[in-house]
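Notes for the one structure printed next.
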Amino acid sequence: MEQNWQLDNPILGLVVVGATFVLFYIVGFVSNRQSKSAKELYVGGSNVGAITNGLAMAATYMSLATFLGITALILQLQVPFIMLWIQLILAIPLITIIYGTSLRRMGAFSPTHFIRDRYGTTASIIAALFMILVSIMYALGQMIGIAITFETLLGIPYITGLFIFGILIVGYITIGGMAGATNNAAIQMVIIALMFIVPLAAIMKAIGASGWYFPPLLYSDMVPAMMDALPTFFDYQFSPKWYFSIIPALTIGALGLPHLAMRVYTASSLKSARSAMVWFAFILGLVFSATYAMGFVGVFATTTQGVTISDADADKLTIILNMVYNPEWVTALVIAGAISAGLSTLSGNLLAIGALISQDIISTLKPNISQRLNLRIGFIAIFAGGIASILLAINPPAFLVVSILWAFGLAGVTNAPLIIVGVWWKEANKFGAIAASVVGGAIYIIVSPFVFPSIVLTGHGVTDGMGLSGAMLAVPISFILLIVVSYITNRIPSLSGKLTKQADIELIERIHGWKDIKAYRYNSTIGAGITVVVSAAVAIWALMPWGM
Amino acid sequence: MKAYKKEVQFTIWMTAAFILVGNVGLIFSIFPVDAMLFGFPVMYIVPILMGWFGVFLLTLVAGKIGNRIDDEIERENDTLGNADEAKEV
């Protein structure tokens, strides 16, 4: 039987959430009152310290899904979903070592800023349009999630919550810019960690777990009861191919997400960016492990403790466990934590949309506008992106409301190969980049279950829906097209006038820190060849039967 | 040449190490293990521990080596600058 999971005293929840909003507004206003240029608006003047940045990176990454979506999927998919989620921690470390420090050295605002300088206007506008789609899908997910949280837990009608809180959120992000978003995200990370882990400790104590004082790892005394009640919980269920597909879809996918990469550019120095990745790994590992524990406790509570959660309520698992085992004021704090998680991600998305529209599209098409006008367009773009996501959330188009994880794959297909190969191989050119982004992106969209439901690779709903199968085919194709098309077009004399080879070479040497140019650097045909062969093998494997 | 080689090798090996440590589940899906560790099935807790502490340790190593390679590139740039100055004289 379905239960109505709502706070008995919604005023309590509203007061706590309202207090956090006041805090975020003050921090945003104070942090950003001196934003005088686009550089300050989008990368916080590139002077953010390592700890603040590491916390902000983690908060930007941890969306509302940490509180709402993941635990539901653990409830459904059990251990395979935990295995899938674990590698998401690689995002910032891999961005930092593969291209983040190079783009920070270049002074990029967004990943597409690099694509513009490296491959020219057309390729950068195509990449920017894909990135805006990814960012809007992401932002829309958060906006809908926040409105649903207000509706189901605090009893505020969906549309009312969407407009009131949506506008409040967009307002604070626009006022705060990147400096405000960074400081707020660091605060939000502390709120998320505390509001997730401390209540979890109380839940574990109530259930009788002896390791309640460190919830992320100390719940093994519940394992025997779990194995008795649900012996399949720890089963891997899927083949190695499924686990392998996580790498192109999510590990490489995360490398193309603009709002994550932008965090690296805010660092005060390259050393600081590298220290930030250490803080990121530590804090994200802590909260991720607590998330798995929450999922485990949820499954444990439903299978052994008589707690009933209907399928429709599965995504509210974290909140429901708090309602069952903790006092109401604790649940109010958890709701504030969930909203904070949504806000930090949303602010990253909206800043990315702002940078993409104003820097990567408008400034590319009209390079001579004044700094003042550029900054004003930036604020308008952030605000317009927010309003667009509110309006889309009223009656969201089905294709936009897909799993956020599917958006990872789209970023991995259309953006990541262009940046990775562009940073490490001088031969990559605009023809290759355009072919990779357009054809790779089209293949990924075609084999997704959202456009042509009959053209899918596995027929297993969650695998196709999360983009695992599609990305395993489209990401390698994108790498192959970029390398092969570039290699061939570089050798067609009639096209050489349309390429900027010397400028590309100088850019690559400079962003790696070199003051001179050497022909042997970043020019390996063997490396490119190996990438093509490995990519071809992966793409062929993706086309073979999945057996699901 | 030396710093360039180090930079490329560091990026390739470090990327491989990160992907491996973050995807221990893939390894266990190929080579299943039926044992317990700290009260959990090995195939459950090892990927979680590696996905936290393994990645954390690698970020420490990657940060240190990355900084050192930056310094080496800087030193090679300086040598280059000195050679140019010598040529001008």
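Which is the longest run of chain A containing none of the trypsin sites (Lys or Arg not before Pro) found in DSSP loop states (not H, G, I, E, B) with at most 15 other C-beta atoms within 10 Å?
A:37-490
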Problem set entry | Separation of alpha-carbon centers, segment A:269-332 and segment A:130-164, rounded to whole Å | 20
Exercise. Picking from A:420, A:309, A:247, whose Cα lies most toward the positive end of the charge dipole for the protein assembly as shown (charges on Cβ: Lys, Arg +1; Asp, Glu -1)?
Worked result: A:420
Problem set entry | Per-residue ³J(HN,Hα) for segment A:232-241, Karplus 6.51 cos²θ - 1.76 cosθ + 1.60, θ = phi - 60°, Hz, x for Gly and Pro | 8, 3, 8, 5, 6, 6, 10, 6, x, 4
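Placing +1 at every Lys and Arg Cβ and -1 at every Asp and Glu Cβ, with all other atoms neutral, what dipole size does chain A have around its Cα centre, in debye to the nearest 20?
Details: 25 positive and 19 negative charges, 490 e Å.
Around 2360 debye, computed over chain A.
Quote to one decimal, in nm, the extra length available between residue A:310 and residue A:206 on full extension: 0.36 nm per residue of separation minus the C-alpha distance between them.
Numbers: separation 104, 0.36 × 104 = 37.44 nm, distance 2.19 nm.
Stretched out fully, the residue A:310 to residue A:206 stretch lengthens by 35.2 nm.
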Seminar exercise, completed: For residue B:38 and residue A:526, extending 7 Å from Cα along the Cα-Cβ vector and measuring point to point gives, in nm, a value of 4.2
Exercise. Hey, what did chain A get for relative contact order, percent, Cα under 8 Å, at least 6 apart?
Worked result: 27
Seminar exercise, completed: In whole angstrom, the spacing between the Cα centers of segment A:84-124 and segment A:500-548 equals 15
Exercise. To the nearest 0.05, how large is the calculated FRET efficiency for residue A:76 and residue A:518 if R₀ is 51 Å and r is the Cβ-Cβ distance?
Worked result: 0.45
Problem set entry | Across A:430/A:515; A:366/B:64; A:271/B:2, pairs whose alpha-carbon gap is larger than 30 Å | A:366/B:64
Problem set entry | Hits among aspartates and glutamates - C-alpha to C-alpha of residue B:6 under 18 Å, sequence gap 8 or more where chains match | A:509, A:516, B:70, B:71, B:72, B:74, B:76, B:78
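Once you keep just the Cα pairs under 8 angstrom separated by 6 or more residues, what percentage relative contact order results for segment B:20-79? Numbers along the way, then the final one.
Values: 30 pairs, mean separation 19.8, N = 60.
Contact order relative to length: 33 percent.
Assigning unit charges at the beta carbon (Lys, Arg +1; Asp, Glu -1) and nothing else, what dipole magnitude in debye, to the nearest 20, does chain B show about its Cα centre? Mind showing how you got there, number by number?
Working: 7 positive and 11 negative charges, 93 e Å.
Computed about the Cα centre, the dipole is about 440 debye.
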Exercise. Using 7 Å Cα-to-Cβ label points, what is the residue A:510/residue A:438 separation (nm, one decimal)?
Worked result: 2.8
Problem set entry | residue B:37 long-range amide H proximity, modeled H, under 5 Å | B:42
Problem set entry | For segment B:20-79, with +1 on Lys and Arg beta carbons and -1 on Asp and Glu, the positive-most of B:57, B:33, B:69 along the dipole | B:33
Exercise. What 222 nm value per residue comes from the helices of chain A, counting each DSSP H run with n ≥ 4 as -39,500 (n - 2.57) and dividing by all residues, nearest 500 deg cm²/dmol?
Worked result: -22500 deg cm²/dmol
Exercise. By Kyte-Doolittle mean hydropathy of at least 1.0 and Cα axial length of at least 24 Å, which whole DSSP H helices of chain A are selected?
Worked result: A:10-32, A:121-154, A:158-207, A:270-304, A:328-355, A:371-394, A:468-489, A:525-543
Exercise. In Å and whole numbers, how far do the C-alpha atoms of chain A stretch along each principal axis, longest first?
Worked result: 73, 56, 42
For this session: Taking the dipole about the Cα centre of segment A:180-283, with the C-beta of Lys and Arg at +1 and of Asp and Glu at -1, give me whichever of A:230, A:279, A:211 is farthest to the positive side.
Result: A:279
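Using DSSP to define loop residues, name the chymotrypsin sites (Phe, Trp or Tyr not before Pro) in segment A:459-548 whose beta-carbon has at most 15 other beta-carbon atoms within 10 Å. Walk me through the numbers on the way to the answer.
Numbers: sites: A:479, A:487, A:514, A:520, A:522, A:541, A:546; in loops: A:514, A:520, A:522, A:546.
Those satisfying the criteria are A:520.
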Exercise. Taking all pairs of different Cα atoms in segment B:20-79, averaging 1/r and flipping that mean, what Kirkwood radius in angstroms comes out?
Worked result: 13.7
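Here, each number is a calculation from the coordinates, and none is a lab measurement. Because the structure is a prediction, the values reported are computed rather than measured. Positions of Cβ are generated from backbone atoms using ideal geometry, with glycine treated the same way; all protein chains shown enter the neighbour counts.
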